[in-house]
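Every read-out reported here was derived from the displayed coordinates using simple, explicitly stated rules and does not represent laboratory data. Computed from a predicted structure; not experimentally measured. With ideal geometry, Cβ positions are generated from the backbone for all residues, glycine too; neighbour counts draw on all protein chains shown.
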Amino acid sequence: MPKKKTGQRKKAEKQKLRQKEIRSAKDKIALAQHPCNGAMECDRCNRKQKNRAFCYFCQSIQRLPVCAQCGKMKCMLKTGDCVIRHAGVYTTGLGMVGAICDFCEAWVCHGRRCLQSHACTCPLQEAICAECERGVWDHGGRIFKCSFCDNFLCEDDQFEHQASCQVLESENFKCQSCNKLGQYSCLRCKTCYCEDHVRRKGFKYDKNKSIPCPKCGYDTSQTKDLSMSTRSHKFGRQAQASGYGDYDESDEADYDYGTSAYNYDNEEEGNDSYEESDEESEESSEDDEEEKKDEGK
């Protein structure tokens, strides 16, 4: 007979499971909630940007640096893991700073845990925008992730990318390996797979988890649950935006009035030539009348 668990034992096991859930959920924090990707306003130029050691626009040092790992502005630990001892004294500003992260370009406080763990766990290590291919050091905005393909996006391209992210690279919803309807779609590869070709041989799949893409390993989603659309082509004159687009009255108006200066100049020149020709015709008619009078005499 196994021993009956006491109330203290049950409480300890529940607390252990709860702490395990908290630790696992800590790795799934949204990218916008990390202190290294927080919003910051410069003290000198008053421009909003990502949390940085130096202002991206005016290169000034912030008066109250924010730690990229723990997010604190003031070290109030009397006895802790601080590399620089300050017993009984609270430190702020550069007195709290211990390093600068090479990936996110933000301050790291002088706590031993932050100094040892942030460089290895920085969420912006490979934060290169999928659209413009700029890194953290190349623009002043914050970094986000696409909610569909899970790629990094800068603050300038996030809305435009997400609006056009659910478009397949094919012209229909059929599987890439056969002609069956693709029940599963990979939002990163922009391809569809049927029930037979989405699974790989010799690979063990979890029962209650989504099936990974056989090409890139990203979790697939069911096509019927997504607002997926197919790629479309525009042939002929519709493909070119300038000069050979669809017929419109505004285009005709632009064409007429766009060359008005040139036509006006030509009309002025033509009017001058007409005036000259009229004067020549009048002079010739006067000469003819004088000749007729002379002949009558």
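Just name one of CYS132, CYS165, PHE144: the one whose Cα is farthest towards the positive end of the charge dipole of the range 126-165 (beta-carbon charges, Lys/Arg +1, Asp/Glu -1).
Value computed over the given set: PHE144.
Quick check for me: using +1 on Lys/Arg Cβ and -1 on Asp/Glu Cβ, what's the dipole size of the range 126-165 about its Cα centre, in debye to the nearest 20?
140
Could you work out the relative contact order of the range 126-165, using alpha carbon pairs under 8 angstrom and six or more residues apart, expressed as a whole percent?
Working: 52 pairs, mean separation 15.2, N = 40.
The value is 38 percent.
Can you tell me the FRET efficiency between GLN166 and LYS28 if r is taken as the Cβ-Cβ distance and R0 is 22 Å, rounded to the nearest 0.05? If you can, show how the numbers build up before the last one.
Details: r = 23 Å, r/R0 = 1.04.
E(calc), rounded to 0.05, equals 0.45.
Expressed in nm to one decimal, what extension gain is obtained for the pair ASP156 and LYS5 from 0.36 nm per residue of sequence separation less their Cα-Cα distance? Show your work: numbers first, answer last.
Details: separation 151, 0.36 × 151 = 54.36 nm, distance 5.72 nm.
Here the segment from ASP156 to LYS5 would lengthen by 48.6 nm.
Just how large is the dipole of the range 1-105 about the Cα centre, in debye to the nearest 20, putting +1 at every Lys and Arg Cβ and -1 at every Asp and Glu Cβ? The partial results should precede the final answer.
Values: 23 positive and 8 negative charges, 231 e Å.
Here the size comes out at about 1100 debye.
When the chain is fully extended, how far beyond the present Cα-Cα distance does LEU94 get from CYS178, taking 0.36 nm per residue of separation? Before the final figure, lay out the partial values.
Details: separation 84, 0.36 × 84 = 30.24 nm, distance 6.20 nm.
Extending this stretch completely gives an extra 24.0 nm.
Would you mind computing, in nm to one decimal, how far apart the modelled labels at GLN15 and CYS132 are, each placed 7 Å from Cα along Cα→Cβ?
Inter-label distance under the simple model: 5.0 nm.
With a cut-off of 20 Å, note down the residues of the range 94-134 whose backbone N falls inside the zone around a label point 7 Å from the Cα of SER147 toward its beta carbon.
130-131
About the Cα centre of the range 44-136, how large is the charge dipole given +1 on each Lys and Arg Cβ and -1 on each Asp and Glu Cβ? Please answer in debye to the nearest 20. Let's see the in-between values first.
Numbers: 13 positive and 6 negative charges, 117 e Å.
Dipole size: approximately 560 debye.
So for the pair CYS216, LYS48, with labels modelled 7 Å out along Cα→Cβ, what separation do we get in nm?
3.0
How much length would be gained if the chain were fully extended between GLN125 and ILE84, taking 0.36 nm per residue of separation minus their Cα-Cα distance, in nm to one decimal? Before the final figure, lay out each step's value.
On the way: separation 41, 0.36 × 41 = 14.76 nm, distance 2.71 nm.
12.1 nm is the gain from fully extending GLN125 to ILE84.
With all distinct Cα pairs included, what does the Kirkwood hydrodynamic radius of the range 77-123 come out to in Å, to one decimal, could you say?
On the way: mean 1/r = 0.0893 Å⁻¹.
Hydrodynamic radius (Kirkwood, Cα pairs) of the range 77-123 is 11.2 Å.
Calculate, for ASN208 and LYS74, the FRET efficiency according to 1/(1 + (r/R0)^6) with r their C-beta to C-beta distance and R0 35 Å; round to the nearest 0.05. Walk me through the intermediate numbers first.
Numbers: r = 44 Å, r/R0 = 1.26.
That gives a FRET efficiency of 0.20.
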